[in-house]
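Notes for the one structure printed next.
We did not get these values from a lab; they are worked out from the coordinates using the rules stated. Everything quoted here is computed from the prediction, not taken from an experiment. All Cβ positions, even for glycine, are placed from backbone atoms using ideal geometry, and neighbour counts span all protein chains on display.
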Amino acid sequence: MSTEQSDPPKRRGILTGALGGQVLGDGLYVLPGQGNSLAIETDAGVVVIDASSPNHVPDMLSTLRRRTDSPVHAIVYSHGHNGYNSAVDLWDAHNAERGDPAPRRVGHENIVKRYARYRETAGLQLRMLAVQFPSRTPVPLEARAAGMALHDVTETFADTLTLVEGTRRVELIWVPSEVDDALAVWLPDDGVLFGGAATPDMVIPNIGTPLRTQRFTIRWAESLERLAALGATRLVTEFGPIVEGDDIKHHLLRTAETLRWLRAEVVARMNAGMDEGEILADMTYPAEMFEVPWMAPNYGSPDYIVRDLYREENGWWDRNPTTLHPAPPAEAAAAVLSAIGDPRQVLDRARRLSEAGETQLALHVIDLVALAPGDDPIVAEARELKAGLCRERSGQVAPFVSRSCYRSSANLLDAGHSSWQHIS
């Protein structure tokens, strides 16, 4: 096992780990993958956490081979999101070139159903990726598909699994959180915990992300409490820094406590008869809970969590009787436009609201015209104005996903569209 010095850090992107190239100890390395991919030397060979996507593999392999010549024994899927293990075949090829057996592919049993769902909804997954991670220049959907290849696991477990025994044990623990197939990697002999998707960074958990399925707030809190009970001395987060010593338990338990607080506050308002919009307007977030580093709204948002909690207990209806059995969107928008005497007054009002700093109110107003079908010049002008408002709004909100959704919507509107059917 090698104890070489860490590589110099590289510039970090939104889906790039902060620790790529760092040596955590004898036989423990962070590879520059999609997130902090961990390489663990064991008696059986190297265990790699997440093979990442094809563009990451050359740097990952060169980093690994500067440290050790041991064979890659296993690849652990930290969770089933696209991209985290789309390059497993390249690792298979690397082993084959060396004359080593193919690595074991290990994940939680729920990943099997996730991959089946992803194959069924492949077009939707590509469109969500394009919206959530917009490119500066247009990228065809098919060009994005290479980074989303699905390689099935060969071994699964339900709750815990001792992956490797010997002088360095490697244990896998189910920690449903961001997804129901998330796992943590626990090295009891080293006191090192890799939290994976359950501990994405020193930021608020990304529950209720606008483009994703439900993430169940209390389930995530329970997973954090389970990890806190391990007594780790070092926590490797998915994207962020290492957390050490007493800060680990403090970080995990305070986050869990805040998630439980949010649940209680939302439930109290639901019990009082409030709908989703009323709850969002009524919520306040105490500084002692939310204005701390590990709850920074860089990717997620307290409002996202509130909406996810509401979805857990309510159906799709927004309580407005108009939306129970709606007319086709184009017909409804055309009817609204026909009821407006002078549509230009709507545009003028939206502009004045924007100039006054009320961008969100301006968006509500401009929709009276911008959602109408056809290529009428006033409708085209409204769409152009809405695109500008979306870009303006993207600079006013903190969560990365919200900013991306505004920018992607603006790009669609610039092309004269609003439907995802036109995403390419």
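Some notes on this structure:
- Radius 10 Å from Cβ of Glu238, net charge of other residues (Lys, Arg +1; Asp, Glu -1): -3
- Taking every alpha-carbon pair under 8 Å whose residues sit at least 6 apart, the range 23-198 reaches a relative contact order of 19 percent.
- The chain, relative contact order [Cα under 8 Å, separation at least 6], %: 11
- Thr162/Asp69 FRET efficiency (R0 22 Å; Cβ-Cβ; nearest 0.05): 0.30
- Other residues lying with their Cβ under 12 Å from the Cβ of Ala410 contribute a combined charge of +3, Lys and Arg counting +1, Asp and Glu -1.
- Between amide H atoms placed 1.01 Å from N, distances below 5 Å from Leu163 occur with Val170, Glu171, Leu172, all of them 5 or more places distant or on a separate chain.
- Highest-MSF residue in the chain out of Gly33, Gly21, Gly99 [GNM, Cα springs under 10 Å]: Gly99
- For Asn55 and Asp152, the FRET efficiency from 1/(1 + (r/R0)^6), where r spans their Cβ atoms and R0 equals 22 Å, is about 0.50.
- Distance between modelled label sites at Ser135 and Asp189, nm, 7 Å Cα→Cβ extension: 4.5
- Residue (of Trp220, Gly245, Pro328) at the positive-pole extreme of the chain, dipole from beta-carbon charges: Pro328
- Each listed q (0.13, 0.14, 0.19, 0.23 Å⁻¹) maps to a log10 I(q)/I(0) for the range 265-382 from the Debye sum over equal C-alpha point scatterers, namely -0.77, -0.85, -1.08, -1.18.
- Here the 3J(HN,Hα) profile of the range 293-303, calculated from phi with Karplus coefficients 6.51, -1.76 and 1.60 at θ = phi - 60°, is x, 7, 10, 5, x, 6, 10, x, 7, x, 4 Hz, Gly and Pro shown as x.
- Multiplying the residue separation of Arg352 and Glu225 by 0.36 nm and removing their Cα-Cα distance gives an extension gain of 40.8 nm.
- Scaling against 2.2 N^0.38 Å puts the C-alpha radius of gyration of the chain at 1.09.
- Remark: the range 83-240 projects, on average over all directions, an area of 11.2 nm² (convex hull of Cα atoms).
- Derived scalar couplings between HN and Hα for the range 220-233 equal 5, 4, 4, 5, 5, 5, 5, 5, 4, 6, 6, x, 5, 9 Hz in order, rounded to whole Hz, by the Karplus curve 6.51 cos²θ - 1.76 cosθ + 1.60 (θ = phi - 60°), x for Gly and Pro.
- Label-point separation, Ala264 to Leu211 (7 Å along Cα→Cβ), nm: 3.6
- Between Asn320 and Arg119, full extension at 0.36 nm per residue minus the direct alpha carbon distance yields a gain of 68.9 nm.
- Surrounding net charge for His79, when Lys and Arg each add one and Asp and Glu each subtract one, Cβ distance under 11 Å: -4
- Site pair Ala143 and His417 shows an inter-label distance of 1.6 nm when each label is modelled 7 Å from Cα along Cα→Cβ.
- Projected over all directions and averaged, the alpha-carbon convex hull of the range 326-422 occupies 6.3 nm².
- Centre separation in Å (Cα based) which lies between the range 301-351 and the range 197-255: 35
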